[in-house]
Amino acid sequence: MSTSRSHGRVADMPTYALVDANNFYATCEKIFDPSLADVPLVVLSNNDGCIVARSAEAKILGIPMAAPMHQWKGFCAKHGVAIKSSNYTLYGDMSARMLAILQKLCPEVESYSIDESFLKLDGFGDVTAMGHEIRQTLQQHIKVTCGVGIGPSKTLAKFANHIAKKHPEYGGVFSVQGVTEAVFEKLMASYSAGEVWGVGRQLSKRLAADGIETVLDLSRCDAKAIHQRYGVVLAKTVRELRGEACISFEDIAAPKQQIISSRSFATCLTEFQAIQAAVSHHLSRAAEKLRAQNSVCSHVYVMINTNRFREQDPQYRQTILTPLPHPSADTSVLMKAAMAGLRKGFVTGFRYHKCGVILGEIGQADGQQTDLFATVDDPKRLRLMGLMDSINKHQGAGTLHVASTQLSDAWHMRANNRSPRYTTCWDEFPVAYA
């Protein structure tokens, strides 16, 4: 490893934390149903097709991720495994609550996925203590247990989070700066290079063929040589593993796990119609980026907030997640979800400073599992979207755009084992008997 990296706290060195909820979907189910507390549990994909989440107890039983449910139904029955359909309304609301808590604890928060966020902890002093405070606050307020990884770069924070979850002796919080060089190098040597953020399966095989098998091996590589052989993104990853913060979400190789489009307003806005136009613009741009990497998404976030630097103004910050009935790249489908989220989150009486959208739960368009009853994007509409993207690319962004359209009422996914929407629907509100 390069001797230029130091685990000691340097005054001008940034400090990032990655907060990642443990078994998030399964945890959300258990929070509202005490009878599931110690029961192995799996959560199914849209239309109850595959296993997309497992509780810790289910993992111990050896139930694999993405396994077709029909192949494991008998096993689950034999071992008393609880089966739940995806309840994205509940998960989205719990995600928003988690994000809101993190935003109260730290002024700089970047949402990375439904259950992961990066926090910038510059100036917080004892960052390990801050990590434990984050864990305790999330557990106290919303009963979500998380792992916290802390490091001088996002890549190291991501890897530190992995260590925090795999090594219980650290109490769920691991800080790169909090251990000696020798201890951290030993940990890096115990994990394959494939555990590094942005190093996929195929790239990991290429690295192994070149003798770069562990995280420690990768951190000791010459960044210039890596740039020449593997490209600029992996070269930045090597630098990040040495503690140099130089990588952003946009640098991570395709397909991106999230696509973000947001911008501050020239002046503060108070009218819904103006903010609606801005959200529509951001959604259109994000949808173009989604199609450009041949992907689809399942979640649409809408973010609106006031200017936290204007202390004289009332403050308001909201992030709303709207799940889609099926993964999509159709602008009209995504627009409907975004507008529903905006209507839910917009509150009159505030001076809004910024808005944006995030497309989450992204997957490859040609890698989606379907069945006879699943609704999918119309190929003709996707060709139309592609034509619009081409025109907008050559004639300028926004040359052509579409308005939200009324979607069919038939878009209801199969969810025979869906739990109630405890936090968002009055008719399904939890009831306690004394």
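The values are calculated or read from the model by the stated rules, or taken from the named source; none is laboratory data. Keep in mind that this is a model prediction, so the values were computed, not measured. Here the Cβ is made from the backbone with ideal geometry for all residues, glycine too, and neighbour counts use every protein chain on show. For the accessible areas, the whole protein counts, side chains as well, though only heavy atoms, and no ligand, DNA or RNA atoms are used. Shrake-Rupley method; radii C 1.70, N 1.55, O 1.52, S 1.80 Å.
Model label sites at A189 and D210, defined 7 Å from Cα along the beta-carbon direction, differ in position by 2.2 nm. Using the 1.4 Å probe convention, the accessible area of the chain works out to 49 Å² per residue with neighbouring protein chains retained. Label separation (R229 vs A182): 3.0 nm, computed from points 7 Å beyond Cα along the C-beta direction.
Roughly how compact is segment 317-357, stated as its Cα Rg over 2.2 N^0.38 Å to two decimals?
Values: Rg = 11.7 Å, N = 41, 2.2 N^0.38 = 9.0 Å.
Taking N as the residue count of segment 317-357, the ratio is 1.29.
Computed over neighbours whose Cβ is under 14 Å from that of Q315, the net charge equals +4, Lys and Arg +1, Asp and Glu -1.
Think of the chain as a dipole: +1 on every Lys or Arg Cβ, -1 on every Asp or Glu Cβ, centred on the Cα centre; then among A287, M94, M303, A287 lies furthest on the positive end.
Given the convex hull over the Cα atoms of segment 30-137, what projected area results after averaging over all orientations, in nm²? All intermediate terms of the calculation are to be shown ahead of the outcome.
Working: hull surface 32.3 nm².
In nm², the orientation-averaged hull projection of segment 30-137 is 8.1.
What's the ranking of 80-91, 154-165, 209-220 by average number of surrounding C-beta atoms within 10 Å, highest first? Intermediate values should be presented prior to the final figure.
Details: 80-91: 20.3, 154-165: 25.3, 209-220: 18.1.
So the peptides 80-91, 154-165, 209-220, ranked by packing, come out 154-165, 80-91, 209-220.
Would you tally the net charge around E195, using a Cβ to Cβ cut-off of less than 13 Å, leaving E195 out, and scoring K and R as +1, D and E as -1? Don't jump to the answer; show the numbers that get you there.
Details: positive: K158, K165, K166, R201; negative: E213, D217.
For residues surrounding E195, the net value is +2.
I need to check one value: relative contact order of the chain, counting alpha carbon pairs closer than 8 Å and at least 6 residues apart, in percent. Kindly include the intermediate steps, with their values, before the conclusion.
Numbers: 770 pairs, mean separation 72.7, N = 434.
Over the chain, the number comes to 17 percent.
Whole-percent P(r), segment 54-96, all Cα pairs, 10 Å bins from 0: 24, 48, 25, 3.
Sorted from longest to shortest, the spans of the Cα atoms of segment 189-293 along the three principal axes equal 58, 27, 26 Å. The three principal axes of the C-alpha atoms in segment 103-255 carry coordinate ranges of 47, 31, 27 Å, sorted with the longest axis first. Label reach from I391 (point 7 Å along Cα→C-beta): in segment 329-349, amide nitrogens under 15 Å belong to 331-332. Any chance you could check the Cα centroid distance between segment 215-240 and segment 39-63 for me, in angstrom? One Cα centre to the other: 36 Å. Over segment 255-351, the pair-distance histogram of Cα-Cα distances with 5 Å bins from zero comes to 2, 13, 24, 23, 16, 11, 7, 3, 1, 0 percent, rounded to whole numbers. Rounded to 0.05, the FRET efficiency of the Q257 and A56 pair, given R0 = 25 Å and the Cβ-Cβ distance, is 0.60. Our helix-only sum for the chain, with -39,500 (n - 2.57) per DSSP H run of n ≥ 4 divided by its residues, gives a mean residue ellipticity at 222 nm of -11500 deg cm²/dmol. Ordered from longest to shortest, the equivalent ellipsoid semi-axes for segment 177-240 are 20, 13, 10 Å, each the square root of 5 times a Cα gyration tensor eigenvalue.
In this entry, the chain is assigned a mean projected area of 24.3 nm², taken as a quarter of its C-alpha convex hull surface. Between D126 and T348, the simple spin-label model (points 7 angstrom out along Cα→Cβ) gives 4.9 nm.
Starting from the Cα gyration tensor of segment 138-216, take the square roots of the eigenvalues, sort them a ≥ b ≥ c, and report rounded, prolate or oblate (rounded when a/c is under 1.5, otherwise prolate if a/b is larger than b/c, else oblate).
prolate
Ordered from longest to shortest, the equivalent ellipsoid semi-axes for segment 10-76 are 31, 15, 11 Å, each the square root of 5 times a Cα gyration tensor eigenvalue. Shape class of segment 266-312 from the Cα gyration tensor (axes a ≥ b ≥ c, square roots of the eigenvalues): prolate, since a/c reaches 1.5 or more and a/b is larger than b/c. I need the calculated FRET efficiency for the pair Q364 and R310, taking r as the beta carbon distance and R₀ as 45 Å, to the nearest 0.05. Calculated transfer efficiency: 0.60.
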